Amino acid sequence: MLVLAFDTATPAVTVAVGDAEQVLAHRTTVDARRQGELLAVGISAVLAEAGLAAGDLDAIASGAGPGPYTGLRVGLVTARVLGSALGVRACGFCTLDVIAADAVAAAAGREFLVATDARRRELYWARYSAAGVRLSGPEVAAPAALPAGLPVAGAGAHVYPDLGEPIAPRYPSAATAVRWCAARLAAGEPLGPPDPLYLRRPDAREPAAPKSVLPASASAGGAKAPAAESQGPQATGGSRGSPPWASGAGSRASGVRG
């Protein structure tokens, strides 16, 4: 099964194409400000390097995070669009799981954490067994809330040096993701949909009811508008000096009273 995999949940924009046995081409660029541009270029580059056309693909897989909204949506929207256009399956995978798969060797038989920068002085994190199986998470929390005394893969240990012993890798690799996803799809194991793992409420909020701009006494009904002064003949309309649009209104008003 030929899979195109990519991840934009971290500052690393990583793309690869291959199957469960081999990676035909891969490319990674670290730049948190240009995910959309770099992903499109990366997809074209790895397909060209592998000598493939988009129609040769059997599935599209994108990192579902957790990660910041702006970068994360680039990969997930691209996966959905490509899957729909090509008529192939579009899947999502946990970004932390892919980092964990590459961290097993560095963990050297120990349980470990994967932590990535969630901004706002928080981390996205999960706990893994020595074999790279997720034991808990993913969650978002302040660094002090994470379990202590474990090695830490991902960028979190570099942003917060007191978090624990940093181990490789710092970012996910699409080369690992493509083998990981292709093996599971070939075995008939389900992968999740390309839906984001935000783990945090959005910044946008439903607007509250508008506040009154009237003085408190007026808004409470305590003050009444002053009565209009009589203007003599102009009040009934049609007299000299009244505006053209007032004549008909005055006549209609007079007719109602009469």
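If you go through region 32-51 one residue at a time, how many are over 15 Å from A174 (Cβ atoms) and out of contact with any helix residue (DSSP H, G or I) (no Cβ under 6 Å at 6 or more places or on another chain)?
Here the count works out to 6.
This table checks each residue for (1) in contact with a Leu (Cβ under 6 Å, 6 or more places away or on another chain); (2) free of Cβ contacts under 8 Å to residues at least 40 places away in the same chain; (3) in a helix (DSSP H, G or I); (4) buried (at least 24 other Cβ atoms within 10 Å of the Cβ).
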position: L52; (1), (2), (3), (4): no, no, no, no
position: A61; (1), (2), (3), (4): no, no, no, yes
position: T70; (1), (2), (3), (4): no, yes, yes, no
position: R73; (1), (2), (3), (4): no, no, yes, no
position: A79; (1), (2), (3), (4): no, no, yes, yes
position: L82; (1), (2), (3), (4): no, no, yes, no
position: A85; (1), (2), (3), (4): no, yes, yes, no
position: C91; (1), (2), (3), (4): yes, no, no, no
position: L96; (1), (2), (3), (4): no, no, yes, yes
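Filter region 126-139 for residues that are under 14 Å from P172 (Cβ atoms) and among the hydrophobic types (A, V, I, L, M, F, W, C) and give the result.
Answer for region 126-139, where residues must be under 14 Å from P172 (Cβ atoms) and among the hydrophobic types (A, V, I, L, M, F, W, C): just A126.
How many residues does region 148-200 hold that are under 22 Å from the mean Cα position of the chain (by Cα), basic (K, R) and modelled with pLDDT of 95 or more?
Within region 148-200, residues that are under 22 Å from the mean Cα position of the chain (by Cα), basic (K, R) and modelled with pLDDT of 95 or more number 1.
Can we say R120 is within 20 Å of W180 (Cβ to Cβ) and free of Cβ contacts under 8 Å to residues at least 24 places away in the same chain?
no
Please specify each residue of region 1-29 satisfying the condition of being more than 21 Å from G156 (Cα to Cα), of a type outside the set (S, T, N, Q) and part of a loop (DSSP other than H, G, I, E, B).
Hits for region 1-29 are M1, L2, D19, A20, E21.
The values are calculated or read from the model by the stated rules, or taken from the named source; none is laboratory data. Nothing here was measured: the structure is a model prediction, and the numbers come from that model. Here Cβ is always computed from backbone atoms with ideal geometry, including for glycine, and neighbour counts include all displayed protein chains.
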